[in-house]
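Student: The following block contains the structure, expressed as structure tokens.
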Amino acid sequence: MKYINSAIFTIAILAVSSLAIFAQESETKVVDEVVAQVNDSVITLSQVKREMNEAIDSTVKEGKQTPDQARAAIESKKGELIAGIVNEELLMQKGKEAGVDSEVEGQINQRFLEIMKQQNVKTLDALYKAMEASGVNQEDIRNLWRKQITREIVLNREVDSKLYLGWTAKEIKAYYEANKAKFTKPETITISEIFLNFAGRDKEAVREKAKQLVQQARGGADFGKLAEENSDRENVKETKGKAGALNVKDLDKIFAEPLKDVKVGGITEPIEIAEEGIEIFRVDERSKASVESFYDETEVRKAMTYEKLPAERKKFMTNLRQDAYIKISETYRPLVSPLLFADDRQAEVKKGEK
């Protein structure tokens, strides 16, 4: 999984009782403030601070910046962060309105079941205890996944799938004819993998195990058997570690570089993926690119959709904001409003020009 920046928050209230000799009434002091109102929900300062601290921790863990550098960088983007929280809240509300809650909870439960299988844990209670021992709160994870999955479902239903299925046969053919150079056979690489998960384990022990597996694989051991016995992928007994063919140009840099010079039959060094785990790849096959164009309706649809998707998603979010009641507090309005409502104002100008 990618690097995480969760949006888990609570409203913090401190009650201070002043007990005088003559039984004065207690006083309550609120130490939080409302940063923004989004329809019937509020975004609080405690939420914003939590987001900022998690972003700082994530940046520092990646080794890109010192804590002071990370804090300064995140502080300079506070307006963007608050705008992002507002947009996230709108998507959560849209998901609730669309009735996706049961689907979201089902996917969350499925993720926990997959982790149980990977870790060979028999019950959810045992998994939760193992997570707690590793400093991971399962409710925090649930809340994070709930936001991520809701966002994915809403955007896929309301934007992505409608755009993908909306192209006519005439439009698809015309796009292909005008962009034939995009539809040549790409360079591909077929790989097998062994994935070792960090979750609930000592990282140094996992790193040492990865080194040993690389030595065994390079020494002639059956890679499929090594994968079946050691990989944490859920379906490894069926796949024997085979991950299939991938387009070289689509590979993430973290994988593209280690695979670049590995010949067929070769084994990569262990590839560490931030907080997730370690990958070991074997190159099973390489296929060179071709300059000859070929028509594949699915690929053309994908290309057309990816090209228009950013603008369509931006338009969808603009409409969500325009249909919502959003009030930014005076303290944060100069930071947030120019970022949050810039697209909305441009949309209004374009409407006026028509």
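Student: Kindly indicate whether ILE4 is at pLDDT below 50, under 30 Å from GLU275 (Cβ atoms) and in contact with an Asp or Glu (Cβ under 6 Å, 6 or more places away or on another chain).
Tutor: When the stated conditions are applied, ILE4 does not pass them.
Student: Still on this structure, please answer the following. Residue check, LEU226 against (1) more than 29 Å from the chain's Cα centre (by Cα); (2) at pLDDT 95 or above; (3) surrounded by fewer than 17 Cβ atoms within 10 Å (Cβ to Cβ), all met but one. Which one?
Tutor: (3) is the only condition that LEU226 fails.
Student: Return the residue satisfying two criteria in turn: it lies in the range 161-208 and is more than 30 Å from ILE115 (Cα to Cα) and acidic (Asp, Glu), and of such residues it is surrounded by the fewest Cβ atoms within 10 Å (Cβ to Cβ).
Tutor: Initially, the range 161-208 is screened for residues more than 30 Å from ILE115 (Cα to Cα), giving 162-188.
Okay, now just the ones that are also acidic (Asp, Glu), so 171, 177, 187.
Details: GLU171: 13, GLU177: 10, GLU187: 13.
So the residue we want is GLU177.
Student: When the range 132-190 is examined, which residues are found to be among the β-branched types (Val, Ile, Thr) and within 29 Å of MET317 (Cβ to Cβ)?
Tutor: At the first step, the residues of the range 132-190 found to be among the β-branched types (Val, Ile, Thr) are 136, 141, 149-150, 153-154, 159, 168, 172, 184, 188-190.
Selection gives ILE141, ILE149, THR150, ILE153, VAL154, VAL159, THR168, ILE172.
Student: Give just the number: which of (1) in a helix (DSSP H, G or I); (2) within 29 Å of ASN230 (Cβ to Cβ) does ILE191 not satisfy?
Tutor: It fails just one condition, (1).
Student: Could I ask something else about it? Quick one: VAL121 ticks every box in (1) within 21 Å of the chain's Cα centre (by Cα); (2) surrounded by 13 or more Cβ atoms within 10 Å (Cβ to Cβ); (3) not in a helix (DSSP H, G or I) bar one, so which box is it?
Tutor: Result: VAL121 passes all but (1).
Student: Right, something else. Name the pairs: first residue in the range 106-124 and within 14 Å of GLY200 (Cβ to Cβ) and among the hydrophobic types (A, V, I, L, M, F, W, C), second residue in a loop (DSSP other than H, G, I, E, B) and at pLDDT below 85, Cβ to Cβ under 7 Å, at least 6 apart or on different chains?
Tutor: From the range 106-124, the pairs are ILE115/ALA199.
Student: State the number of residues belonging to the range 281-306 that are surrounded by 14 or more Cβ atoms within 10 Å (Cβ to Cβ), over 29 Å from VAL264 (Cβ atoms) and either free of Cβ contacts under 8 Å to residues at least 24 places away in the same chain or in contact with a Leu (Cβ under 9 Å, 6 or more places away or on another chain) (or both).
Tutor: Residues that pass the stated criteria total 3.
The values are calculated or read from the model by the stated rules, or taken from the named source; none is laboratory data. Just so you know, these numbers come straight off a predicted model, no measurement behind them. We place every Cβ from the backbone using ideal geometry, glycine too, and count neighbours over all the protein chains shown.
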